[in-house]
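**Student:** Here you go, one structure.
Readers should treat all values here as calculations from the given coordinates under stated rules, not as data from a laboratory. What you see is a predicted model, and the numbers here were worked out from it, not measured in a lab. All Cβ positions, even for glycine, are placed from backbone atoms using ideal geometry, and neighbour counts span all protein chains on display.
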Amino acid sequence: MRGENSAHLLGWHIEGPFLQMTKRGAHNPSLVISAAGGLKTFEEIYGAENMAFTEDWLMSDSVETGRVGVRIITAAPEVDGVLDAVYELTQRGIVYSIGHR
């Protein structure tokens, strides 16, 4: 049972697959890809329904419906298509974190 003031999941932090191959760390090389389609690629990989659509850090939707989404994405900015998606991601309230570059 979850009460009104209880703790709850605020969203997901996704790391990859849009990473530099030489800086991928523990990520499987066969899963490292570009984001050639920009935002569309992010939606295809993570699932459009799993991504936040509005900036709502109070997470009112998740509290009422139990639905949470991607809230932080770590990706390498020099990977093809990543920078093309950053503006729209941040407008949705998704934090873009530079990593694996």
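**Student:** Once phi is turned into θ = phi - 60°, what whole-Hz ³J(HN,Hα) does the Karplus curve with 6.51, -1.76 and 1.60 give for every residue of the range 89-99, x standing for Gly and Pro?
**Tutor:** Listing the rounded values in order: 4, 5, 5, 7, x, 8, 7, 9, 10, 6, x Hz.
**Student:** Now, a different point. In nm, to one decimal, how far is the S97 label point from the N5 one, both placed 7 Å along Cα→Cβ?
**Tutor:** Spacing of the two 7 Å Cα→Cβ label points: 3.0 nm.
**Student:** In whole Hz, what ³J(HN,Hα) sequence does the range 68-79 give by Karplus (6.51, -1.76, 1.60; θ = phi - 60°), x for Gly and Pro?
**Tutor:** Karplus-based 3J(HN,Hα) across the range 68-79 equals 10, x, 5, 10, 9, 10, 9, 8, 7, x, 7, 6 Hz.
**Student:** Still on this structure, please answer the following. I'd like the Karplus ³J(HN,Hα) series for the range 11-16: coefficients 6.51, -1.76, 1.60, θ = phi - 60°, whole numbers in Hz, and an x wherever there's a Gly or Pro.
**Tutor:** Rounded to whole hertz, the list is x, 10, 10, 9, 10, x.
**Student:** Would you please give the residues with an amide H less than 5 Å from that of V70, counting only those at least 5 places away or on a separate chain, with H modeled from the backbone geometry?
**Tutor:** Answer set, sorted by chain and number: W12, M51, A52.
**Student:** Once you have a ≥ b ≥ c as the square roots of the Cα gyration tensor eigenvalues for the range 12-98, tell me rounded if a/c is under 1.5, and otherwise prolate or oblate according to whether a/b is larger than b/c. Don't skip to the answer; put the middle values down first.
**Tutor:** Values: a/c = 2.21, a/b = 1.82, b/c = 1.21.
Cα axes put the range 12-98 in the prolate bin.
**Student:** Additional query: Can you give me the long-range amide H partners of G16? Hydrogens built in the peptide plane at 1.01 Å from N, cutoff under 5 Å, separation of 5 or more residues or another chain.
**Tutor:** T74
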